[in-house]
Amino acid sequence: MAKTPKVSKNYKLDSWLRWWMEAVMGFFYHWIYRPLRPGKRFYCRNVFEGKNSLIFSDGGLICVCSDHLLETRGNINDSSISDIWHGQKYEDLRESFRRNRLPLHRCPFCFAMEKIPKSTPDPFKVAPFLWNIHLETTPICNLNCLACPRDVVIGHRGRTRLSRETVYRLLDEVIEHRTTKYFLFFGFGEPLLDNHTYEYVTYLKKGYPEITVSISTNGIALAHERNVEKLLDTPLDLLSFSIDGSNEKEYKRYQRGGDFNRAVAGMRQAVKRRNERGLQHPYIVWQYLLFRWNDSTDSIRRALDLARDSGVDLLHFLPVRRPITGISWRNVLRRESWGAIYKFGSLDHNYNPHDRAKIIRVSDEMKEIPLYF
């Protein structure tokens, strides 16, 4: 039985504020929005189109990639993904949307929830299988980020890792269906702390070459050259570095326990060795979460200069909504709420995970990179 987790004061405050905000927004949507907008109805991409499902390291599957406490829809240790996707728990969520109700307390703030015209033809068609999958093979991480409740995660799942047998059965199902477009090794743990991640990538791409496979890492493990070489020996399509600041001070404000210089060194090393080996993969992305302490013009300029100097293919600025005390309000409140994507160099990729970011192409001739902020 998992021990009762100790929750930080910051996380308690953030969760309490978020719960009340969700309650207020839920009341607004049900009792004010619906009567005032009779031509609109609620819709969720995740429960009808199979987007953004996350599989925990204990096998639990949830319908959204950004929450670790939602009720799971099933467990892949004793069910197939297809059985879970077409099972009663997912169907209960869909039935709520068909009745124009939000089924979960967190739905009002979920990025997957949309308001669509009631005249939309056949809006509730269910996809045959998951469109993309996030897989957390381990809950272990070498950082303790401000909005990531490590104690809650470990208290909820222990230090359980998905068994190789279970992961291979999952990958075989994805290969068999051949309808999943993206597969991301990402969760509340650091994927490169699971030594089997490299072989999983190779196995999936060998069986299903058309799928896009990516890994999201904090980069610390890739400061070791042997790990970079192991990763480049795989057919990985996309490698995303989460480095949330343009200097050590900004970085450690959120990514506690990390080392900015080591993370950047890992990113540089991956670019350098990929280019030296003449590889066209993986596409290398620096994902920069925007908070109120790292969103100034000077911070953005430093990040752009560092991205250009390190040789990454893309720099993605992403405003986030957690923790509430760290929200970059000037970006979150913008209509274009998912920031900007700066593309560098000659390599290209259709990377735009939310389809709402503004793409800014950076050429070698540019002496001054335009700011979107």
Note to self: Taking all protein chains in place and a 1.4 Å probe, what share, in percent, of the accessible surface of the chain do carbon and sulfur account for?
What the structure shows: 53 percent
Notebook entry, point to check: Counting only the heavy atoms of the protein chains, how much of H86 is accessible to a 1.4 Å probe, in Å² to the nearest 10?
Noted result: 100 Å²
Checklist line | Selection from C145, T202, S163, by position along the positive dipole direction of the range 111-214 (Cβ) | finding: C145
Check: What share of the DSSP beta bridges in the chain is antiparallel, in percent to the nearest 5?
Finding: 30 percent
Next item on the list: Report M25's accessible area, 1.4 Å probe, all protein chains in place, as a number in Å² to the nearest 10.
Entry: 60 Å²
Check: Cα convex hull of the range 33-181: how many Å³ per residue?
Finding: 119 Å³
Checklist line | Rounded to the nearest 10 Å², the accessible area of K51 at probe 1.4 Å | finding: 40 Å²
Margin query: Checking the cross-link filter: which aspartates and glutamates have an alpha carbon closer than 18 Å to that of K249, excluding same-chain neighbours under 8 positions apart?
Written below: D259, D295, D298, D305
Margin query: Under the √(5λ) rule applied to the eigenvalues of the Cα gyration tensor, what semi-axes describe the equivalent ellipsoid of the range 203-266? Give them in Å, descending.
Written below: 28, 13, 7
Next item on the list: Could you give me the percent of Cα pairs per 10 Å distance bin for the range 244-295, shortest bin first, beginning at zero and ending with the bin that holds the maximum distance?
Entry: 24, 44, 25, 8
Checklist line | 222 nm mean residue ellipticity, helices alone, for the chain (DSSP H n ≥ 4; -39,500 (n - 2.57); rounded to 500) | finding: -10000 deg cm²/dmol
Notebook entry, point to check: Which sequence of W19, W31, W286 reflects their accessible areas, 1.4 Å probe, from the largest down?
Noted result: W31, W19, W286
Check: Taking every DSSP beta bridge that has both residues in the range 246-373, what percent is antiparallel when rounded to the nearest 5?
Finding: 25 percent
Note to self: What three numbers, in Å, describe the spread of the alpha carbons of the range 171-237 along their principal axes, ordered from the longest?
What the structure shows: 36, 25, 16
Margin query: So if I restrict to the alpha-carbon atoms in the chain, what is the Rg, and what is Dmax, the biggest pairwise distance, in Å?
Written below: 20.6, 61
Check: At each listed q (0.11 Å⁻¹), what is the log10 of I(q)/I(0) that the Debye formula gives for the range 79-159 modelled as equal alpha-carbon point scatterers?
Finding: -0.48
Notebook entry, point to check: For the range 161-305, what is Rg from Cα atoms divided by 2.2 N^0.38 Å, rounded to two decimals?
Noted result: 1.12
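The values are calculated or read from the model by the stated rules, or taken from the named source; none is laboratory data. Please read these numbers as outputs of a predicted model, since none were measured by experiment. In this analysis, Cβ positions are derived from the backbone assuming ideal geometry, glycine residues included, and neighbour counts consider all displayed protein chains. Protein only, heavy atoms only, side chains kept; ligands, DNA and RNA dropped before computing areas. Shrake-Rupley method; radii C 1.70, N 1.55, O 1.52, S 1.80 Å.
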